[in-house]
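Here the structure comes first, spelled out in structure tokens, and everything after it is commentary.
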Amino acid sequence: MKLFKKLKNLFKLLLIKIRKLNSPILTNPVGWSVQDFNNAKRWAQSRPHPNYEYKSIWEVVYSPRYDTTEVLHEINKFIIIENKNKIN
């Protein structure tokens, strides 16, 4: 059972790395259009969450109960943090 869990987590990390190759590069916070939401979703799926080792940002931020504006607001926070880290 532990082996299965380790393989599942490794597969998740591999999937995040593969998605990163095809994800858009976001340097500014996204707006509220459908295209911006789709780009933010692809970006969040391709970035690992800083606090949870085997989860993407999308897995932590997205919930069907949240409105899309709330999800985009949370993703924008991560975009701003990542861009500040690149500058410093």
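The values are calculated or read from the model by the stated rules, or taken from the named source; none is laboratory data. Just so you know, these numbers come straight off a predicted model, no measurement behind them. Here the Cβ positions follow ideal geometry from the backbone for every residue, glycine too, while neighbour counts run over all protein chains shown.
A few remarks follow.
- One residue stands out in the stretch 40-88 among those that are of a type in the set (Asp, Glu) and modelled with pLDDT under 90: the one that is farthest from Leu13 (Cα to Cα), namely Glu82.
- Residue list for the stretch 25-51, restricted to those being assigned to a loop (DSSP other than H, G, I, E, B) and surrounded by fewer than 13 Cβ atoms within 10 Å (Cβ to Cβ): Ile25, Thr27, Asn28, Gly31, Trp32, Ser33, Pro50, Asn51
- Condition check for Lys5: assigned to a helix (DSSP H, G or I), among the basic types (Lys, Arg), over 17 Å from the mean Cα position of the chain (by Cα) and farther than 17 Å from Thr69 by Cβ: yes
- Pairs linking a residue in the stretch 42-55 that is of a type in the set (A, V, I, L, M, F, W, C) to a residue that is modelled with pLDDT under 90 and in a loop (DSSP other than H, G, I, E, B), with Cβ atoms under 7 Å and 6 or more positions apart or on different chains, are Trp43/Ser23; Trp43/Pro24; Trp43/Leu26.
- Residue within the stretch 56-66 that is of a type in the set (Gly, Ala, Ser) and exposed (fewer than 13 other Cβ atoms within 10 Å of the Cβ) present: yes
- If you go through the stretch 52-88 and keep only what is of a type in the set (Phe, Trp, Tyr) and either more than 19 Å from Pro24 (Cα to Cα) or assigned to a loop (DSSP other than H, G, I, E, B) (or both), you end up with Tyr52, Tyr54, Tyr62, Tyr66.
- Selection of the stretch 75-88 for residues being without any contact (Cβ under 8 Å) to a residue 40 or more places away in the chain and more than 10 Å from the chain's Cα centre (by Cα) yields Lys77, Ile81, Glu82, Lys84, Asn85, Lys86, Ile87, Asn88.
- Evaluation of Val60 against the conditions (1) touching a helix residue (DSSP H, G or I) at 6+ places or on another chain (Cβ under 8 Å); (2) free of Cβ contacts under 8 Å to residues at least 40 places away in the same chain; (3) within 19 Å of Asn85 (Cβ to Cβ) shows that the sole unmet condition is (1).
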